[in-house]
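**Q** One structure, as structure tokens, below. Some questions next.
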């Protein structure tokens, strides 16, 4: 918040908003759909895996293995098939970038 | 109050609002910051509470959000059937709104919206307050089409014959009726024609009541009277549960449309079947978008559901008014569920933040639905689907090859179902 205020003071008011950092990118929207089960921004409540801060490669492998059926699941094998490999990679990258 | 009077009353307030908005536009003609913009959210269920939280979160607190909700706490419909079955309590399914206020800075107003002035961008509350908005997010849930059951208009009928299809006082009251019922009694549950809120919900409820009967009053019966031609969700899984677990308790009768209810004698009347008496009647009436949506002319699909643009959830009938959740005219194969309302809330929040900051909303939303049903106090089945925006059809469609149902009921899915509840409650409210 402090950083936002400094940014705001340092820049012309409307030339570049402090909100530029808060833009709701398509990947952030797509990742928000995982939050119902895995918590807001991937920080899960007990009983589900926390996705935030996981290594991107490991997370992507897990998602792709769900998709191919290599990794058994109750639900994720069905949900992962709804996303392209590129979308799964974007999601893995997004959650990996969330600080633990 | 007539509309003209209302408009006159709010004129002064809206003039002030217009100055504020103009000032903002003049200062930031090309890249609006959205700072100081006002969003009013009506209804603190899965759709509205999620939208309120995410507009605050995704605008870094730049957009003011006022949530108008009459109830003191959020009470979840999902898991409420377990209160009827006796394995969960009301406390288990109740969450206060405190975190939306404390952590996210949502302004909570305990009241009900009685009128929307789309031209002046104002809502009027039952308590007399008027709230101006730049964008209105309406998540009114469902109300019942009581006109389809004339007998339910008689004094006391709705206190005796319960729907318990909005979790709360009626959940408690129905549980009390089941506890008071004699062993050997009949509980009759009627299901309206689809679409209705929570397609698998009635069948889960039948399982929960049967589970309770099997433990506490095993001579009793559960009679399901379904207006639909067949079980509308997870059919084979529910039928297997009924056959394997509740063979002598549950009886399923499809194509039974209730046309009236005599609450005094606990009798159901049908379109094509003899009258039926039961010890406990649980009538789920046909439903439609919540009253405020109808009253405001937003229910453009058969005067029943609200058509929306699925990129923004803006109502087709009104600019700057977004409608979420069960009240919407559903996209193909999109269930009316709490999970889906939460997804609507986030998609709408992202679009509203974009629109109020001069950006273009995401043109390719994609999200999923997962719905768990308890067939006992521990064993669960699910249905899942993935939905993406189809630009050619301008609606959400299911992704072919994705989604599906459980192979069989399991305790593992029971654990996941409860974890799902904890997570979605936190995602919606914390």
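**Q** What's the FRET efficiency of residue A:73 with residue B:378 using the Cβ-Cβ distance as r and R₀ = 22 Å, to the nearest 0.05?
**A** Values: r = 20 Å, r/R0 = 0.90.
Rounded to the nearest 0.05, the efficiency is 0.65.
**Q** Label points 7 Å out from Cα along the Cβ direction at residue A:65 and residue B:244: separation in nm?
**A** 2.8
**Q** Roughly how many whole Å is it from the C-alpha centroid of segment B:375-397 to that of segment B:207-271?
**A** When both Cα centres are located, 25 Å separates them.
**Q** How tilted is helix B:201-216 with respect to the longest principal axis of chain B? Cα atoms for both, answer in degrees (0 to 90, nearest 10).
**A** Rounded to the nearest ten degrees, it is 40.
**Q** Does segment B:53-94 come out rounded, prolate or oblate by the C-alpha gyration tensor, with a ≥ b ≥ c the root eigenvalues, rounded set by a/c under 1.5 and, if not, prolate when a/b is larger than b/c and oblate if not?
**A** Cα axes put segment B:53-94 in the prolate bin.
**Q** Along each of its three principal axes, how wide is the spread of alpha-carbon positions in segment B:147-287, in whole angstrom units, largest first?
**A** Taking the Cα atoms of segment B:147-287, the three principal extents are 40, 32, 31 Å.
**Q** Right, another one. May I ask you to give the average projected area over all directions of the convex hull of the Cα atoms of the protein assembly as shown, in nm² rounded to one decimal?
**A** Reported value for the Cα convex hull: 25.1 nm².
**Q** Please give the FRET efficiency for residue B:148 paired with residue B:114, using the beta carbon to beta carbon distance and R0 = 35 Å, rounded to the nearest 0.05.
**A** It comes out at approximately 0.90.
**Q** What's the angle, to the nearest 10 degrees (0 to 90), between helix B:235-245's Cα axis and the longest principal axis of chain B?
**A** Between the helix axis and the principal axis of chain B, the angle is about 40 degrees.
**Q** While we're here: I'd like to compare B:254-261, A:37-44: which one has the highest average count of other Cβ atoms within 10 Å, and what's the full order after that?
**A** A:37-44, B:254-261
**Q** Follow-up question, since we're still on this one. Where does chain B land at 222 nm, in deg cm²/dmol rounded to the nearest 500, when only DSSP H runs of n ≥ 4 count, each adding -39500 (n - 2.57), divided by all residues? Write out the running numbers ahead of the final one.
**A** Values: 11 runs with 135 residues, N = 430.
After summing the helix terms and dividing by residue count, I get -10000 deg cm²/dmol.
**Q** Same structure, new question: For chain B, what is the convex hull volume of its Cα atoms per residue in Å³?
**A** Looking at chain B, the number lands at 142 Å³ per residue.
**Q** By per-residue mean of other Cβ atoms within 10 Å, what is the highest-first order of B:323-330, B:212-219?
**A** Order by mean packing, descending: B:323-330, B:212-219.
**Q** Can you pull the mean other chain C-beta count within 10 Å for peptide B:358-366?
**A** 4
**Q** Label residue B:307 and residue A:23 with points 7 Å out from Cα along Cα→Cβ: what is the distance between them in nm?
**A** 3.3
**Q** At 7 Å along Cα-to-Cβ for each site, give me the label-to-label distance between residue B:275 and residue B:230 in nm.
**A** 3.4
**Q** Also, I was wondering about something else. Debye sum, Cα scatterers, segment B:384-430, no solvent: what log₁₀ I/I(0) at q = 0.23, 0.26 1/Å?
**A** -0.89, -0.91
**Q** Regarding segment A:24-96, what are the three Cα extents along the principal axes, ordered largest first, in Å?
**A** Rounded to whole Å, the extents work out to 31, 28, 20 Å.
**Q** Also, quick follow-up: Over segment B:193-275, what lengths in whole Å, largest first, do the semi-axes of the equivalent ellipsoid take, defined as the square roots of 5 times the eigenvalues of the alpha-carbon gyration tensor?
**A** 21, 18, 11
**Q** Across peptide A:70-77, how many C-beta atoms of other chains are within 10 Å of each residue C-beta, on average?
**A** Counting Cβ atoms of other protein chains within 10 Å of each residue's Cβ and averaging gives 4.
**Q** May I pose another question? Summarise the partner chain shielding of B:341-347 as one whole number: the mean count of Cβ atoms from other chains within 10 Å of each residue's Cβ.
**A** The mean count of partner-chain Cβ atoms within 10 Å per residue comes to 3.
Rule-based calculations on the coordinates, nothing more; no lab input. Note that the coordinates shown come from a computational prediction; the quantities given were computed from them, not determined experimentally. Note that we place each Cβ from the backbone using ideal geometry, even for glycine, and neighbour counts take in every protein chain shown.
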